[in-house]
1. Given the criteria within 23 Å of residue 470 (Cβ to Cβ), modelled with pLDDT of 95 or more and part of a loop (DSSP other than H, G, I, E, B), does residue 21 qualify?
2. Output the residue which, of all residues in the stretch 463-474 that are open to solvent by less than 10 Å² (accessible area, probe 1.4 Å) and within 19 Å of the chain's Cα centre (by Cα), is nearest to residue 290 (Cα to Cα).
3. Looking at the structure I just gave you, is residue 452 among the basic types (Lys, Arg), part of a helix (DSSP H, G or I) and either surrounded by fewer than 20 Cβ atoms within 10 Å (Cβ to Cβ) or more than 22 Å from the chain's Cα centre (by Cα) (or both)?
4. Pick from 87, 77: which is open to solvent by less than 30 Å² (accessible area, probe 1.4 Å), in contact (Cβ under 8 Å) with a residue 60 or more places away in the chain and not hydrophobic (A, V, I, L, M, F, W, C)?
5. Of all residues being touching a Ser or Thr at 6+ places or on another chain (Cβ under 7 Å) and assigned to a strand (DSSP E or B) in the stretch 215-232, which is least open to solvent (accessible area, probe 1.4 Å)? Just the residue, please.
6. I need the full set of residues from the stretch 346-372 which are out of contact with any Asp or Glu (no Cβ under 9 Å at 6 or more places or on another chain) and open to solvent by less than 10 Å² (accessible area, probe 1.4 Å), in order please.
7. Whether any residue in the stretch 111-127 is of a type in the set (Val, Ile, Thr), surrounded by fewer than 20 Cβ atoms within 10 Å (Cβ to Cβ) and under 24 Å from residue 189 (Cβ atoms) is what I want to check.
8. Need the failing condition index for residue 249 against (1) under 25 Å from the mean Cα position of the chain (by Cα); (2) farther than 19 Å from residue 453 by Cβ; (3) assigned to a helix (DSSP H, G or I), just the number.
Amino acid sequence: MLNRRSVLATGALAAIPLAVPVGALAQSRKDAVVLAMTLEPPGLDPTAGAASSIAEIVQYNVFETLTKINSDGTVSPLLAESWEVSPDLKTYTFKLRKGVKFQNGEPFNAAAVKFSYDRAGGEKSTNKDKRTFANLTTQVVDEHTLVVLNKDIDPDLLFALGQATSIIVEPKSADTNATKPVGTGPYQLGAWNKGSSVVLTAWDGFRAASAIKIRRATFRFISDPAAQVAALLAGDVDLFPRVTPRSVPQFKTNPRFQVLVSGSRAKTILAINNARKPLDDVRVRRAIAAAIDRKAVIEGAGDGYGAPIGSHYVPGAFGYVDTTGINPFDIEKSKKLLAEAGVKTPLELTLTLPPTPYARQGGEVIVAQLAKVGIVAKTQNVEWAQWLSGTYGNKNYDLTLISHVEPFDLGNFAKPDYYWGYQSPKFNELYNQIKNAARPQDRARLLGDAQKLLAEDSVHAFLYQPQWITVANKNLKGLWKDMPVFVNDLSALSWS
């Protein structure tokens, strides 16, 4: 690992956005685009909620961060022109971009960055990465120089500072960003038609406004898989990132479309409420995991697009170890574990399913599999807002099928109040060692130990690493090949 790094901005702004209205007019205009999403966000402030759908609309479009995460997972300058890292890997000195303003006319400067980071880690913060920011101390050197001191060694900090939870907000408007977002990006909120769509329009005050070719981007919300397909075929939608995999065959053979299969850092899991009886017994959790055939779930939930995982980590990530053999599919073992735990069958549990197609489809498979070992899983279909408030917020669930899409989220298992209810001093100590491991080989070994511990504790039934399917008009260029984070970077797109 290098003791000192300095990254300079290239001066090239990821430029040209999108185009096209709908239907027969799709190629008559070159300054608009219609995108579709499965879930509608609960608000438009990514520092105030955990829903990844927030960032899908506002990240890099309305709000910006000091660093930018690229499709290949690399990090480049955005609001920071360059940075230097101290030899002890704990002090970061950022040189900020000059001539930048917020959409309400206020200047972007080091004071705004300090406010944003201090707010994110503050006592009243609702930022899901609050713990990361609570470890940071910020010092304003001058208007365009900021020093960030980290309590821990964190090799992923520059990546973290490019995620949506790290947006730079304007102090006067920060409290109303959920409905009236104010950022430094090339787009501003044009309209939000609740239950239907969000419209972003180009902001003329952007520092590189002349490079913005797309004047209007409409995000439509379509959760039903059949409706997703119909909207694309009708030409009502130009681009659908992370569309239902069941759409793939008909679009691959249609010359009007392009289909991209993207890698991910997401983990689809059957999350288990470790704080509830009898799920607080590791034998019961292991029995649930042993009852599930991961390959059958991948077929049912993702139409075959996915790779089995045995812990909360995915193939291809630094330090990955294969843990799928720790809790393999074994019906007889599952029955035996339930008996050892003193569980009388049938054991009735509630399986809460958000509206995403993978959850509803995969839920059917899991219910059938659990029934074979005497677990009766009663499905409870909820809307996204209900899942966020009831399941995630109030921890009101037994089991839930969900994809966690953040690349570096092992730290969630060390959060005492996280919705899983998992408490492990041994894991907490491991995670603390991971954060402070300066040598890559030590960090990789510790990451492997952490993955094995989560698998052995069977915190969840870890299912698969999904592959995301993007279907788009064949003339749309600049689509992300892979998706290390959930964003729709309008500035990267253009029409041929």
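1. The answer is no for residue 21.
2. The selected residue is 463.
3. yes
4. Of the residues listed, the single one that is open to solvent by less than 30 Å² (accessible area, probe 1.4 Å), in contact (Cβ under 8 Å) with a residue 60 or more places away in the chain and not hydrophobic (A, V, I, L, M, F, W, C) is 77.
5. 219
6. 353, 359, 362, 363, 366, 370
7. Among the residues of the stretch 111-127, at least one is of a type in the set (Val, Ile, Thr), surrounded by fewer than 20 Cβ atoms within 10 Å (Cβ to Cβ) and under 24 Å from residue 189 (Cβ atoms), which makes the answer yes.
8. (1)
The values are calculated or read from the model by the stated rules, or taken from the named source; none is laboratory data. Computed from a predicted structure; not experimentally measured. Every residue, glycine among them, receives a Cβ derived from its backbone with ideal geometry; neighbour counts consider all protein chains shown. Heads up: the accessible areas ignore ligands, DNA and RNA and are worked out on the full protein's heavy atoms, side chains in. Shrake-Rupley method; radii C 1.70, N 1.55, O 1.52, S 1.80 Å.
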